[in-house]
1. Could you tell me which of the pairs LYS84/LYS374; LYS357/LYS378; LYS64/LYS198 are separated by over 26 angstrom between their Cα atoms in the structure shown?
2. Would you mind putting 373-386, 268-281 in packing order, based on average other-beta-carbon counts within 10 Å, highest first?
3. Taking the Cβ of GLN54 as the centre, find all other residues whose Cβ is under 11 Å away and add up their charges (Lys, Arg: +1; Asp, Glu: -1).
4. Give me the distance in nm between label points sitting 7 Å out from Cα along the Cα-to-Cβ direction at PHE176 and ASN319, one decimal.
5. How high is the FRET efficiency between LYS127 and GLU226 when r is their beta carbon distance and R₀ equals 56 Å, given to the nearest 0.05?
6. Counting Lys and Arg as +1 and Asp and Glu as -1, each charge on the Cβ, what is the dipole of region 249-375 about the Cα centre in debye, to the nearest 20?
7. Give me the distance in nm between label points sitting 7 Å out from Cα along the Cα-to-Cβ direction at ARG88 and THR192, one decimal.
8. Projecting each Cα onto the charge dipole of the chain (Lys/Arg +1, Asp/Glu -1 at the beta carbon, about the Cα centre), which of ALA354, VAL302, GLY49 comes out farthest on the positive side?
Amino acid sequence: MAKYTVVSMPGDGIGNQVLPEALRVLNAVGFDAQYIHADIGWECWINDGNALPQRTIELLAKHKLGLFGAITSKPKKEADGELKPELRGKGYSYFSPIVAMRQKFNLDTCIRPCISFPGNPLNFIRKKVDGGYEEPYVNVVVFRQNTEGLYAGVEWTNPPDGMRAALATHPKFTPFAGTPGPDLAVSVRIITRNAAHKITKAGFEWAKKFGYKSVTICEKPNVLRETSGMMEEEAKKVAKEYPGIALWSTNIDAQTMWLTKNPEDYGVVVASNLFGDVISDAFAGLVGGLGFAASGNIGDEVAVFEPTHGSAPKYAELNPPIVNPMAMLLSAVMMLEHVGEMDKAKRMREAIAAVVKEGKVRTYDMMRISGGAKSISKGAASTKQMTDAILGKIEPARDTNSATRVVH
């Protein structure tokens, strides 16, 4: 019997291409696991009116560990139009299944490492004053509060009378009071003190464990005085428990400028849901882009690991697949670290680093050419070829009894 059971959720588009590659590498490092396939994503929405089926929820509740590929999300009208005809007009409303999963299992801590691999041609470089270029080492880990903020899903077009009456009690709503309901959309940004404290605490604990010298709270308290203000207030409380780690405060807009001027100055960054999403993508752009952007969604019981890229439907039908599997592989590394398989995680990460540094095998994004069927003829590696190169840098698994088991 396998030591671990992982709920495998390829999802949509390229998720079906990159997740199997991660399983190949996990097997090569000797991860003793069985993988139970679970449905999630756009086809579930079309056929069932629910992108996160109850059967998948039950698997995650039972096994506590998930590996997720990608999903497709579309605007409301388009989503409604793709439902099966017999489901239309029956009150079904599309909601992102990964957001729903985070809320269902309170996966409130999202960890997104943005760390340079030496030799990556996509790394950030900076021109020197006296000529030439330098490549600063970027080593940032973003802690994103994963269940609240503007992604909480509390929103309306044409708010109900009770909500309009409540909004009308605030003087700042006066300019909108006369807007007809169908022309008024409202999203509520919700921050709770407990969640703000918890995500900041997690960031400081990470900084302490891995030797980071600073934690930056990245919000917008000069405008969002109540919600960002609460995030900052809790960060200051937590910082008192860690006297050796500096607390920095930046506004989200200014941070997007500073990260392209001196990214090496930042260590752990803590932010609410939307701002954490923005700033982690921005830092990811300095270390190779979304092809290298991994993440973990961590709760008290359940954890799900995923690349932060989307389903990229324009590439999903290409044969052979051409997308960069690195983000998916690095998400699998995070999963190994989460369950304490540190040696296997280290071997996997070192193999990835070796391939990047060697530079002989590069996917189309690493070659800075456009993606498409012609990219292979231009010298780009396919998804499988990149994984093969990484497998070539890994010593054979010492445990010969840890073959991958996929359960459908």
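1. LYS84/LYS374
2. Order by mean packing, descending: 268-281, 373-386.
3. Spelling it out: positives minus negatives among the neighbours equals -1.
4. 5.0 nm
5. Numbers: r = 41 Å, r/R0 = 0.74.
E between LYS127 and GLU226, to the nearest 0.05, is 0.85.
6. Details: 11 positive and 15 negative charges, 148 e Å.
Dipole of region 249-375, to the nearest 20 debye: 700 debye.
7. Distance between the two pseudo-spin positions: 3.9 nm.
8. Going by the charge dipole, the pick is ALA354.
Quick note: the coordinates plus some simple rules give every number you see, no bench work behind them. The model shown is predicted, which means the values in this text are computed figures rather than measured ones. Ideal geometry is used to build each Cβ from the backbone, glycine not excepted, and the neighbour counts take in all protein chains shown.
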